[in-house]
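One structure is given below, encoded as structure tokens.
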Amino acid sequence: KQEGRNAYRLYRCDIDVQARDHLTMETDLRNTVEHGDGLEMAYQPLVSRQTGALVSAEALLRWHHPTRGLISPDEFIPVAERSGLIIPLGERVLEMVLGQIRTWQDQGIQPVPVAINLSARQFWQEGFIDTVIAKLSHYKVAPSAISFELTESTLLNKQAQGIEILQRLRQLGCRIAIDDFGTGYSSLSYLQELPIDTLKIDRSFTRTLGGEKRGNGAIVAAVSGLARELDLCLVAEGVETQEQWDILGTYQVEMIQGFLTGHPMNSDDFTQRLMARPSK
Ligand code: C2E
Ligand code: CA
Ligand code: CA
Ligand code: CA
């Protein structure tokens with residue numbers, strides 16, 4: 001019984017530490033968002049599985065913390081979501097990406113479409129689409145130069161309203177992808193109703209391809225059939241090996257994203273990648 005009490009204390013203590021850490025992180029993040037320094041976008045290539053050509057990029061947020069160094073978005077995005085900071089932070093992301101596309105265009109470098117991750121709170125924020133329209137026009141960037149990635153959980157329970165927002169984004173000319181597909185809750189009939197362009201198969205399914213566990217290929221195969229049936233582009237995330245690449249070919253996956261074909265990289269390195277494309 002004595003031990004039980006101690007264990008309980010320790011546990012409470014851990015929670016306090018965690019809460020304090022989150023609070024500090026929130027304060028630091030608020031400062032960063034207000035002053036705008038320490039934030040940067042990384043760009044990860046998406047390549048065609050058929051030709052290997054660079055066809056698109058995903059923009060991934062990086063935060064250089066003043067004392068802790070680089071912090072993973074998996075750590076600070078949840079803090080931003082809980083605190084509401086994700087709204088101004090998301091706007092900064094949009095500005096950084098559109099600013100980057102503007103720079104490429106000014107330099108005469110033909111960009112590829114860039115995908116931007118959206119948190120549920122951003123997607124459901126009043127005036128989100130107006131913000132997108134205003135920023136596109138400020139940076140003089142065409143809507144077709146960007147796409148948005150959202151997860152299945154974003155649309156959970158609010159399908160009808162969600163479809164409306166998706167439709168407006170697509171009418172603008174932005175493309176939509178469902179991120180981490182297969183890990184969420186979508187029923188297949190609901191997927192049919194969604195005005196989207198792309199499915200991104202979650203890394204957890206790619207990772208085990210070629211491995212021992214039975215059934216992983218079956219999931220990729222099923223999602224592939226679904227994508228073909230619904231006329232959606234299919235992307236495999238987290239592709240790290242040549243073996244995975246080869247197997248994905250047998251499932252008619254169109255696009256590959258992963259360390260095999262490029263890590264997320266800073267804008268200078270990604271610009272090199274853009275310029276290295278054979279000219280048409
Ligand atoms: P995500 O949208 O699923 O992004 C893909 C993550 O997988 C990225 O992690 C990327 O670096 C990583 N990755 C890519 N290829 C591979 C691979 O071959 N192997 C492995 N092991 N990992 C790979 P990252 O950059 O740490 O981002 C983590 C998550 O943070 C993202 O997951 C996304 O949900 C969120 N995030 C990142 N940037 C933003 C942003 O600007 N806004 C919002 N709302 N969320 C963001
Ligand atoms: Ca994503
Ligand atoms: Ca993903
Ligand atoms: Ca993810």
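Remarks
- Criterion applied to 179, 202 was being open to solvent by less than 70 Å² (accessible area, probe 1.4 Å), touching a Lys or Arg at 6+ places or on another chain (Cβ under 6 Å) and either over 18 Å from residue 44 (Cα atoms) or within 16 Å of ligand 2 (Cβ to nearest atom) (or both), and the one residue passing it is 179.
- When residues in the range 135-149 are screened for being under 14 Å from residue 90 (Cα atoms) and open to solvent by 30 Å² or more (accessible area, probe 1.4 Å), 1 of them pass.
- Scan of the range 42-71 for residues that are open to solvent by 50 Å² or more (accessible area, probe 1.4 Å), among the hydroxyl-bearing types (Ser, Thr, Tyr) and under 30 Å from residue 248 (Cα atoms), ordered by number: 51
- Just so you know, in the range 182-199 the residues that are surrounded by 17 or more Cβ atoms within 10 Å (Cβ to Cβ) and within 15 Å of residue 238 (Cβ to Cβ) include one that is farthest from ligand 4 (Cβ to nearest atom), and it is 199.
- Checked against the criterion of being in a helix (DSSP H, G or I), at pLDDT below 95 and more than 13 Å from ligand 1 (Cβ to nearest atom), the range 250-264 contains one or more residues that satisfy it.
- Where a residue in the range 52-78 is modelled with pLDDT of 95 or more and its partner, wherever it lies, is within 16 Å of ligand 4 (Cβ to nearest atom) and of a type in the set (Asp, Glu), with Cβ under 8 Å and at least six apart: 58/149
- Among (1) at pLDDT 95 or above; (2) more than 16 Å from ligand 4 (Cβ to nearest atom); (3) touching a helix residue (DSSP H, G or I) at 6+ places or on another chain (Cβ under 9 Å) - the single one residue 159 does not satisfy: (1)
- In the range 259-280, the residues that are under 20 Å from residue 70 (Cα atoms) never reach a residue that is aromatic (Phe, Trp, Tyr) and part of a loop (DSSP other than H, G, I, E, B) with C-beta atoms less than 8 angstrom apart, at least six apart or across chains.
- Condition broken by residue 259, with the remaining ones in (1) exposed (fewer than 13 other Cβ atoms within 10 Å of the Cβ); (2) more than 16 Å from ligand 2 (Cβ to nearest atom) satisfied: (2)
- Of the residues making up the range 205-256, those that are farther than 15 Å from residue 178 by Cα, among the polar types (S, T, N, Q) and open to solvent by less than 50 Å² (accessible area, probe 1.4 Å) number 4.
- Residues of the range 150-180 that turn out to be touching a residue at least 60 places away in the same chain (Cβ under 8 Å) and either within 13 Å of ligand 3 (Cβ to nearest atom) or aliphatic (A, V, I, L, M) (or both), as a count: 2
- Identity of the residue in the range 100-121, open to solvent by less than 20 Å² (accessible area, probe 1.4 Å) and assigned to a helix (DSSP H, G or I), that ends up farthest from ligand 2 (Cβ to nearest atom): 104
The values are calculated or read from the model by the stated rules, or taken from the named source; none is laboratory data. Note that the coordinates shown come from a computational prediction; the quantities given were computed from them, not determined experimentally. Reconstructed Cβ throughout: ideal geometry from the backbone, glycine too, with neighbour counts over all protein chains shown. The accessibility values were calculated without ligands, DNA or RNA, using every heavy atom of the protein model including side chains. Shrake-Rupley method; radii C 1.70, N 1.55, O 1.52, S 1.80 Å.
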